[in-house]
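Structure record follows, encoded as structure tokens.
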Amino acid sequence: MISNVQIVWKSLRNALNFRSILYEHVYFGTLPVTVRRNAYGRQLGSFHTDAEVKGIGEVPMTFIRAPYITECGPKARAIATCNGNIIAAVQDNQMVTSFHPELNDSLLVHKYFVEEICK
């Protein structure tokens, strides 16, 4: 279980394990969000875009069979959207993104994680 001492950033498929609900199934339940799996389609539906992330600015985003968040619980806050869907959220010492920031040259999301989530 994730404690108040641990700091967690999960991306894409791994993010699914930390959500509260997916199709009525509760998993670890440490991040109160509801996630739609493979929301942007299969591998061929993968895409790249630039979008605004609160507290960061515009960042490049690569989506590969990505989920998106359909609902944030009362303590979680959405920090980015794409096409009207939540693609990044934070709560306390946890951050979740449905895109792959490591596949782009920008380190802005990594810097945000270190400076804001790990503090």
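The values are calculated or read from the model by the stated rules, or taken from the named source; none is laboratory data. Computed from a predicted structure; not experimentally measured. Neighbour counts run over all protein chains shown; Cβ positions are idealised from the backbone, glycine included.
List pairs: first residue in the range 100-116 and within 14 Å of ALA66 (Cβ to Cβ), second residue basic (Lys, Arg) and not in a helix (DSSP H, G or I) anywhere in the structure, Cβ distance under 9 angstrom, at least six positions apart or on different chains.
Close Cβ pairs satisfying both conditions: none exist.
Pick from the range 53-66 the residues that are of a type in the set (D, E, K, R) and surrounded by 13 or more Cβ atoms within 10 Å (Cβ to Cβ): which of them is farthest from PHE113 (Cα to Cα)?
ARG65
Considering only the range 67-82, state which residues are buried (at least 17 other Cβ atoms within 10 Å of the Cβ) and more than 10 Å from the chain's Cα centre (by Cα).
If the condition is that a residue be buried (at least 17 other Cβ atoms within 10 Å of the Cβ) and more than 10 Å from the chain's Cα centre (by Cα), then CYS72, ALA76, CYS82 are the ones that fit.
So that you can scan it fast, the table gives a plain yes or no per residue for (1) outside any strand (DSSP E or B); (2) closer than 23 Å to PRO101 by Cα; (3) at pLDDT 85 or above; (4) among the β-branched types (Val, Ile, Thr):
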| site | (1), (2), (3), (4) |
| --- | --- |
| MET1 | yes, no, no, no |
| ALA15 | yes, yes, no, no |
| ILE21 | no, no, no, yes |
| TYR27 | yes, no, no, no |
| VAL35 | no, yes, no, yes |
| GLY41 | yes, yes, no, no |
| ASP50 | no, yes, yes, no |
| GLU58 | no, yes, yes, no |
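Can you give me the number of residues within the range 31-53 that are within 13 Å of the chain's Cα centre (by Cα) and among the basic types (Lys, Arg)?
2
Is there a residue being assigned to a loop (DSSP other than H, G, I, E, B), surrounded by 19 or more Cβ atoms within 10 Å (Cβ to Cβ), among the aliphatic types (A, V, I, L, M) and free of Cβ contacts under 8 Å to residues at least 60 places away in the same chain anywhere in the range 83-93?
Checked the range 83-93: no residue is assigned to a loop (DSSP other than H, G, I, E, B), surrounded by 19 or more Cβ atoms within 10 Å (Cβ to Cβ), among the aliphatic types (A, V, I, L, M) and free of Cβ contacts under 8 Å to residues at least 60 places away in the same chain.
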